[in-house]
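Input: a single structure, listed below in structure tokens.
The values are calculated or read from the model by the stated rules, or taken from the named source; none is laboratory data. All figures in this text were calculated on a predicted structure; none of them were measured in a lab. We place every Cβ from the backbone using ideal geometry, glycine too, and count neighbours over all the protein chains shown. We work out accessible area using only protein heavy atoms, side chains counted, and drop any ligands, DNA or RNA first. Shrake-Rupley method; radii C 1.70, N 1.55, O 1.52, S 1.80 Å.
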Amino acid sequence: MGIAALVFDLDGTLVDSAGDIAEAVNRSLEELSLPRVPEATVRSWIGEGVRCLVAIALAHAGSGHAADEVMPMFMRHYHDCLLRSPQLYDGVTDALQLLQARGLPMAICTNKPSALVPPLLEHLGIAGYFAHIVGGDTLPQRKPAPEPVLYAARLLGHAPARCLMVGDSATDLEAANAAGMPIALVRYGYPRDLDLDAAGAVAVIDDLRELTARC
């Protein structure tokens with residue numbers, strides 16, 4: 001595909017962290033004397049940043065609390081749950097090793113708060129593969145806006161068209177399309193209602209190692 005660099009989404013693409021995010025949401029709900037919700041429900045809410053996640057959870061619970069009011073509490077629980085049980089998806093480490101060995105620079109572009117990304121990558125042993133991290137609070141905009149993806153491309157030193165976005169959701173797809181960056185989508189992760197096969201991605205893959213045959 002003539003790819004010179006890669007921009008990876010984090011949650012749902014490299015890391016399965018839904019259980020930890022769900023626990024942070026549920027601890028926040030419990031602190032507000034609201035009922036817990038199933039992990040599968042929280043999984044369907046992930047992808048548009050933590051403030052949006054909190055707002056959805058509060059609306060689902062029928063709470064009158066504002067998201068901004070609850071955010072400090074949620075972030076405390078999010079920090080506490082960050083390294084509780086995250087797992088790399090199958091093939092992630094092998095794929096990153098092969099891509100790095102080919103001299104392809106890589107960056108993370110996530111809606112997760114930027115301060116939480118390095119400790120998670122270190123914990124999972126993949127921090128050394130990424131030259132740059134663009135978090136959900138790095139810029140005023142976050143995905144699905146194109147600015148974070150464009151900023152990642154600039155940091156990597158390549159035009160967006162020479163980079164490949166790798167993600168799992170409509171949030172990633174919309175950001176990449178708006179940035180003029182080709183995207184590969186993974187079938188696992190948190191696709192919500194996205195029809196992966198009709199999304200117009202350059203590839204839809206079941207395992208990240210499949211990228212190594214395309215880059």
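Annotations
- Filtering region 188-212 to residues that are over 18 Å from V15 (Cα atoms), surrounded by 15 or more Cβ atoms within 10 Å (Cβ to Cβ) and not hydrophobic (A, V, I, L, M, F, W, C) leaves only T212.
- Residue match in region 67-87 (condition: closer than 30 Å to V202 by Cα and open to solvent by 40 Å² or more (accessible area, probe 1.4 Å)): yes
- Boolean, I3 is open to solvent by 10 Å² or more (accessible area, probe 1.4 Å), closer than 22 Å to G136 by Cα and not in a helix (DSSP H, G or I): no
- For region 96-110, the criterion of a residue being of a type outside the set (D, E, K, R), within 19 Å of A22 (Cβ to Cβ) and at pLDDT 95 or above is satisfied by at least one position.
- Residue within region 156-179 that is among the basic types (K, R) and outside any loop (DSSP other than H, G, I, E, B) present: yes
- Residues considered: E122, E174, E147. Of these, the only one that is closer than 15 Å to V15 by Cα and surrounded by fewer than 23 Cβ atoms within 10 Å (Cβ to Cβ) is E122.
- Looking at D68, D90, D80, just one residue is out of contact with any Lys or Arg (no Cβ under 8 Å at 6 or more places or on another chain) and charged (D, E, K, R), and that residue is D90.
- Whether a residue is among the aliphatic types (A, V, I, L, M), within 14 Å of the chain's Cα centre (by Cα) and at pLDDT 95 or above was assessed, and A131 does not pass this test.
- Considering A59, A55, the condition of being modelled with pLDDT of 95 or more, in a helix (DSSP H, G or I) and surrounded by fewer than 14 Cβ atoms within 10 Å (Cβ to Cβ) is satisfied by A59 alone.
- A101 meets each of the listed conditions (1) closer than 22 Å to V50 by Cβ; (2) out of contact with any Cys (no Cβ under 7 Å at 6 or more places or on another chain) apart from (1).
- Sole exception among (1) farther than 27 Å from Y129 by Cα; (2) among the acidic types (D, E); (3) outside any helix (DSSP H, G or I) for E48, by number: (1)
- Selection count, region 125-143, where residues are open to solvent by less than 50 Å² (accessible area, probe 1.4 Å) and not basic (K, R): 8
- Per this entry, A184 is not counted among residues that are surrounded by 21 or more Cβ atoms within 10 Å (Cβ to Cβ), farther than 20 Å from D16 by Cα and either in contact with a Gly (Cβ under 8 Å, 6 or more places away or on another chain) or aliphatic (A, V, I, L, M) (or both).
- Total residues in region 88-105, condition open to solvent by 30 Å² or more (accessible area, probe 1.4 Å), over 17 Å from the mean Cα position of the chain (by Cα) and of a type outside the set (G, A, S): 6
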